[in-house]
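Down below is the structure, laid out as structure tokens.
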Amino acid sequence: MFPQPNRGKSSLISGSISTSQKQRYYLFKGISWNQGTIKYLLFLSCLVISITNIYPASAHKVEVAGDVGGTLHIEPNDNPRAGEPSQAWFALTRRGGRVIPLSQCNCQLAVYAEPYAAGEPPLLEPQLEPVAAERYQGIPGAEVVFPKPGIYQLQLNGKPVSGARFKPFEFKFEVTVAGGSTQNTQNLRDVNGDLVEGESQQLPIWAIALPILGFIGILIVVLRSMRSSGE
């Protein structure tokens with residue numbers, strides 16, 4: 001480390017430091033400061049990216065009933081859209097992690113539009129078929145076409161077939177459905193009776209402005225860093 005002046009014997013030593021040694025010291029000091037700047041720039045970049053990520057991935061929905069656990073996933077990306085086919089599948093597992101295929105379960109799927117009254121017939125009753133999804137084989141799955149945007153409830157009831165060993169179960173999954181691509185230029189009422197605006201293909205102004213402001217901020221920090229290292 002370069003010795004500090006006016007500190008006893010260090011002041012005598014400083015007189016013997018050559019100009020080239022001083023230049024190397026200040027260069028090293030500037031590099032250290034720039035390393036901190038780089039870390040700050042990386043942090044700022046990650047922050048801008050996380051803010052502008054306007055379509056985050058949704059987590060799978062999980063329910064447990066008795067000794068059976070059920071996980072719902074809807075393609076694509078747990079983000080169903082009204083009027084478009086969505087593939088729903090249910091990963092059923094017994095306590096301990098053993099998968100329950102559709103061949104071992106007498107399962108029925110019913111779709112209700114929220115809110116609904118007790119005893120009201122389901123809006124849809126999709127036919128379940130065995131599907132392969134992720135690491136699961138032969139689990140219950142169905143193609144669902146939600147008619148309108150809004151909130152729906154998917155009810156999956158199941159009981160073991162002869163030879164299977166698990167308790168009967170009922171799972172209730174709440175699903176939010178967005179407007180479809182064919183509804184992006186008109187206003188419509190969703191299944192809850194609320195007036196909703198169709199989605200636009202264009203990005204909102206703030207989604208465009210944030211990356212630009214982030215880039216300007218990074219540019220200002222870089223220019224300040226260059227100016228400070230040159231002094």
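Where a number appears in this text, it was derived from the coordinates with a stated rule and is not lab data. Quick caveat: nothing in here was measured; it's all calculated off a predicted structure. Cβ sites come from the backbone with ideal geometry, for glycine too, and all protein chains shown count toward neighbours.
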Could you give the size of the charge dipole of the range 61-195 about its Cα centre, using +1 on the Cβ of each K and R and -1 on the Cβ of each D and E, expressed in debye and rounded to the nearest 20?
-> 560 debye
Give me the net charge of Tyr112's neighbourhood, meaning all other residues with Cβ under 14 Å from the Cβ of Tyr112; Lys, Arg count +1, Asp, Glu -1.
-> -3
Quote the relative contact order of the range 61-195 in percent (integer), defining contacts as alpha-carbon pairs under 8 Å separated by 6+ residues.
-> 29 percent
